[in-house]
């Protein structure tokens with residue numbers, strides 16, 4: 001064997017040894033379950049034994065469709081979500097202090113992307129910019145479960161507990177949640193294109209500004225077992241344009257300026273069943289356009305103004 005051949009053989013053996021020494025898994029592999037802790041560090045891999053410090057730090061290390069869990073109480077900062085993911089903090093304090101920014105921004109436009117937020121405490125610190133949860137794209141839908149959104153003090157495009165501003169069809173579910181002390185609107189649905197299917201169940205919305213629930217356009221809403229109270233200058237429910245249909249069942253819209261404010265430039269349809277509307281200081285039912293249809297078993301009493309629905313349908 002010539003000297004050149006020997007050198008070539010040695011070089012090849014060295015390359016093979018180096019290749020065998022390389023790790024067999026990607027250095028930036030994402031986990032399906034990650035963890036955050038009040039004493040974590042975003043330089044960590046976000047494992048249970050080496051948790052991250054923030055949701056933003058954990059989300060880049062969490063695989064699409066995976067889950068971020070809170071290991072112990074903490075403030076984990078705001079987060080932008082662009083993929084299917086679950087953030088689950090039901091058994092401890094999963095805090096987001098969102099002073100002058102959105103607590104959670106959902107921009108998940110990939111087909112089938114589903115975002116689940118569970119057990120979060122989102123505090124706007126009474127600042128004037130930002131919303132609790134702002135949804136601008138959610139191809140597969142968003143579920144907000146057992147969350148608290150409060151303290152967002154802005155107006156116009158800010159100061160809302162949940163703001164739905166999508167440009168394509170989506171579904172948003174809000175259950176077992178408390179939304180209060182927001183200066184503008186509790187739950188706001190105003191998609192620019194596409195349609196929103198909004199489902200609300202067992203929610204409490206109180207002490208806001210313009211409305212507890214505002215359905216601006218392109219929204220079909222089912223509102224069940226929901227209390228919307230003490231919105232001193234606004235309504236329990238505002239339904240605005242013709243592309244809004246709302247079904248309200250077993251709910252309570254009391255001690256607002258308006259119980260239901262229906263029609264503001266359009267002809268929406270609101271149906272109510274088994275609902276209490278009382279103590280509203282301007283009107284129980286303000287029907288500017290469209291119709292509020294009583295399908296029976298409602299109590300609309302003790303309001304300062306109109307208490308007569310557009311029509312009543314017997315249920316027997």
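Quick note: the coordinates plus some simple rules give every number you see, no bench work behind them. None of the values given here were measured: they were computed from a predicted structure. Glycine also receives a Cβ, built like all others from the backbone with ideal geometry; neighbour counts cover every protein chain displayed.
Here are the numbers:
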| read-out | value |
| --- | --- |
| Estimated inter-spin distance, residue 72 and residue 176, nm [label 7 Å along Cα→Cβ] | 2.5 |
| For region 153-183 and region 204-229, distance of Cα centres in Å | 9 |
| Label-point separation, residue 310 to residue 250 (7 Å along Cα→Cβ), nm | 2.6 |
| Share of alpha-carbon pairs per 5 Å distance bin for region 21-125, given as whole % | 3, 14, 23, 25, 19, 10, 4, 2, 1, 0, 0 |
| q = 0.14, 0.18, 0.20, 0.26 Å⁻¹, region 205-246: log10 I(q)/I(0) [Debye, one scatterer per Cα] | -0.30, -0.49, -0.59, -0.86 |
| Rg and Dmax [Cα atoms of the chain; Å; Rg one decimal, Dmax integer] | 25.2, 106 |
| Size of region 123-189 as Cα extents on the principal axes (Å, biggest first) | 32, 25, 13 |
| Whole-angstrom gap from region 54-70 to region 112-130, using each part's C-alpha centre | 15 |
| Set of region 86-108 residues, backbone N closer than 18 Å to the point 7 Å along the Cα-Cβ line of residue 32 | 86-88 |
| Rounded tilt (10° steps) of 3-21 against the dominant C-alpha axis of the chain | 30 |
| Förster-model FRET efficiency, 35 Å R0, residue 42 and residue 168, C-beta, rounded to 0.05 | 0.60 |
| Contour excess over end-to-end distance, with Cα ends at residue 282 and residue 222 and 0.36 nm allotted per residue | 19.1 nm |
